[in-house]
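See below for the structure under consideration.
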Amino acid sequence: MSTQAPSLSTAFLQKLHAIVGDAGLVQDEQLKQSHDIDWLGKWKGLSSAVVRPANTAEVAAVMRLCHETRTPVVTQGGNTGMSGGATPDDSGAQLVLCTTRLTRVRDVDPLNNTMTVEAGVLLAHAQRAADEVNRYFPLSLGSEGSCTIGGNLATNAGGIAVLRYGNTRDLVLGVEVVLPNGKIWNGLRALRKDNTGYSLRDLFIGSEGTLGVVTAAVLKIFPKPIARVSAWLGCDDMQGLLEVLSRVRNDCGDRLVAFEMLTEESLQLVLEHVTDVRRPLAGSHRYHALVELADTREGELGSLLETTLEAAMEDGLVRDAAIGANLTQRQAFWKVREGISQAQVRAGKAIKHDIALPISRLPQFVDDALAAVHQVKADARVINFGHMGDGNLHFNVLVPLDTPDAEFHPLIQRMNRAVHDLVSAAGGSISAEHGVGQLRRDELRHYKSETEFGLMLLVKQSIDPNQIMNPGKLI
C-alpha cells in the first residue's frame with residue numbers, strides 16, 4: 001500500500017476500503033497526485049485519500065464516516081474548473097471524493113423533455129444521450145469532453161448558449177444530494193411547476209461542494225435545432241455592437257443563441273498563437289462579434305440574419321460582415337473564438353476577470369476599466385472577450401511569461417481591486433460562470449454586503465455544522 005498523508009489513520013483507510021472496494025479507493029500514489037492538482041497547474045494540494053464511489057449509497061456511507069470523524073471532504077468531478085474549487089489544500093487532512101464513477105443515465109423522457117443523469121456523466125455524453133432521442137441538451141463548454149454534470153452544477157456553469165437557454169441552474173429541474181451527515185435528499189422531481197416551499201435545489205446548484213455532494217440531476221432537454229447560421233461582424237465600438245445585438249434580438253427572437261464579442265487585440269492574440277486559424281474579415285476592426293442563430297426547422301435563417309446585418313451596415317453600426325452558412329465556415333469562426341483561452345496560456349500570465357454586468361452598462365465599464373488597468377500598469381495588455389449577449393466579459397490582463405512571481409502576485413491584487421471596484425459600482429458580479437473557488441474567495445467577502453454574506457454563513461452552518469464540506473472555498 002502506498003504512503004498516505006500522516007493525518008490518515010489505518011483504521012479510517014480500512015473503513016473507506018470496506019465501503020468502496022479496490023476500484024473505489026485510489027492507492028496508486030501517482031494517480032492520487034493527479035487529483036491533488038488542478039488542470040491549470042495553478043493550485044496544488046495534498047489529499048489524505050481519494051475515493052471514487054460507484055453509486056449514491058456508497059457516497060452516503062463515505063459521508064457518514066467523514067461526518068463521524070470530522071474529516072474534511074473536497075468533491076471533485078472532471079477536475080476542469082477554473083477557480084481551484086476542486087483542489088484540496090496542502091494540509092494532508094482533506095479527503096477527495098471523486099464522482100467520476102457515477103456515470104449512469106438513469107432516465108430519458110422525450111415527452112417530458114427531461115433526462116436524469118448521475119454526477120459523473122461527462123457533459124458530452126449527456127449531450128449525446130439527448131441527441132439519441134432527437135432532443136438537445138444546450139449546455140456547451142470548451143471542456144465538455146472532460147467536465148462532468150456534477151461539476152457543471154457545482155459551479156452553475158455558463159458557456160456559449162446562455163443567451164438562449166440560460167446557465168446550468170436554468171437547465172435543472174431536480175437534484176439528488178448526499179448531505180454532510182450522509183443523509184440522502186432525493187429531490188429528483190421532473191416538474192416545471194412545484195410551489196411546495198423553499199427551492200432547496202437552488203441551494204446546491206452553484207454551492208461548489210460546500211453544502212453537500214450532488215449525485216444526480218433531472219435536466220431539461222429541448223427540441224433539436226436542425227438549422228444554424230453564423231456571422232462574423234466588425235464594428236467600431238461596443239455601443240454599436242449593443243445596438244446590433246438589440247436589432248438581432250428584435251428581428252430574430254429566440255433563434256438567437258449566441259452573441260460573442262472579442263476585441264482586435266484578442267483576435268490578434270489568436271492569430272499569433274493558434275494554428276490553422278485565419279482572420280474572418282479582410283480588415284481589422286476595434287471590435288468583433290460572432291453571432292449564431294438556430295431553429296428547429298429548415299428555413300431562411302441566412303436571409304433573415306443577412307437582412308438584419310445589411311440594415312445595420314447601412315446605418316454605420318457594422319463595418320464588415322461575413323455569413324457562415326455551412327458547417328465548415330461556422331467551425332472556422334468558432335475556432336477563432338474558442339482559441340482565445342489557449343492563446344492566452346501561450347502568450348503570457350493572465351490576471352483573469354470573469355465578470356457580469358447589465359448589458360447596457362458594458363461600454364462605459366470597458367472604457368473605465370481600461371483606464372484603471374493602465375493606471376496600475378501602463379503597458380498591460382488587455383484581452384477583452386466574452387458572452388456579450390448575456391453580459392459576461394472575460395476582461396483579462398496579460399503580462400509576459402517571464403514576469404517574476406514577486407512582481408506578478410502583488411499585481412494580481414491591485415488589478416483585481418481596480419477592475420472589481422468598477423464591476424461592483426456598476427451593479428455587476430465578480431464571478432459570472434467559473435465559480436468562486438479559491439481564486440475569488442477573498443474578493444467575494446470584500447464585495448458581498450454584511451447581510452448577504454451573513455445569510456450565506458447561516459445556510460452553511462445549518463447544513464454543514466461540522467464545516468467539513470470543501471473548506472477554504474467559496475465562503
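In the set (1) modelled with pLDDT under 95; (2) assigned to a strand (DSSP E or B), F385 fails one condition alone, (1).
Tell me, please, whether a residue that is in a loop (DSSP other than H, G, I, E, B) and outside the structural domain of W334 (by TED's automatic domain parsing) can be found in the range 411-425.
no
For the range 429-450, the set of residues classified as outside any helix (DSSP H, G or I), of a type outside the set (A, V, I, L, M, F, W, C) and within 17 Å of the chain's Cα centre (by Cα) consists of S429, S431, E433, H434, G435, G437, Q438, R440, listed by residue number.
From the list T69, T75, T87, T114, exactly one residue is closer than 25 Å to F137 by Cα and outside the structural domain of G212 (by TED's automatic domain parsing). Which is it?
Values: T69 fails: closer than 25 Å to F137 by Cα; T87 fails: closer than 25 Å to F137 by Cα; T114 fails: outside the structural domain of G212 (by TED's automatic domain parsing).
Exactly one residue qualifies, and that residue is T75.
Considering the range 1-58, and only residues there that are modelled with pLDDT of 90 or more and among the acidic types (D, E), the residue that is farthest from the chain's Cα centre (by Cα) turns out to be D22. Considering the range 161-218, the residues that are over 28 Å from P88 (Cα atoms) and of a type in the set (V, I, T) include one that is modelled with the highest pLDDT, namely V218. Among the residues of the range 271-289 satisfying the criterion of being within 10 Å of A321 (Cα to Cα) and assigned to a strand (DSSP E or B), which is nearest to the chain's Cα centre (by Cα)? The qualifying residue nearest to the chain's Cα centre (by Cα) is A289. Exactly one residue among S83, S48, S91 is assigned to a strand (DSSP E or B), under 26 Å from P465 (Cβ atoms), among the hydroxyl-bearing types (S, T, Y) and touching a residue at least 12 places away in the same chain (Cβ under 8 Å), and that residue is S48. Among the residues of the range 75-133, the one identified as within 27 Å of L13 (Cβ to Cβ), modelled with pLDDT under 95 and among the hydroxyl-bearing types (S, T, Y) is S91.
Scanning the range 159-185 for residues that are crowded, with 21+ Cβ neighbours inside 10 Å and under 16 Å from S207 (Cβ atoms) yields a total of 8.
Okay, residues lined up against (1) within 22 Å of L191 (Cα to Cα); (2) surrounded by fewer than 24 Cβ atoms within 10 Å (Cβ to Cβ); (3) in contact with a helix residue (DSSP H, G or I) (Cβ under 9 Å, 6 or more places away or on another chain); (4) touching a residue at least 24 places away in the same chain (Cβ under 8 Å):
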residue: V105; (1), (2), (3), (4): yes, yes, yes, yes
residue: V108; (1), (2), (3), (4): yes, yes, yes, yes
residue: N112; (1), (2), (3), (4): yes, yes, no, yes
residue: E144; (1), (2), (3), (4): no, yes, yes, no
residue: T148; (1), (2), (3), (4): no, no, yes, yes
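The values are calculated or read from the model by the stated rules, or taken from the named source; none is laboratory data. This is a predicted model, so every value here is computed, not measured. Backbone-built Cβ (ideal geometry, glycine too); neighbour counts: all protein chains shown.
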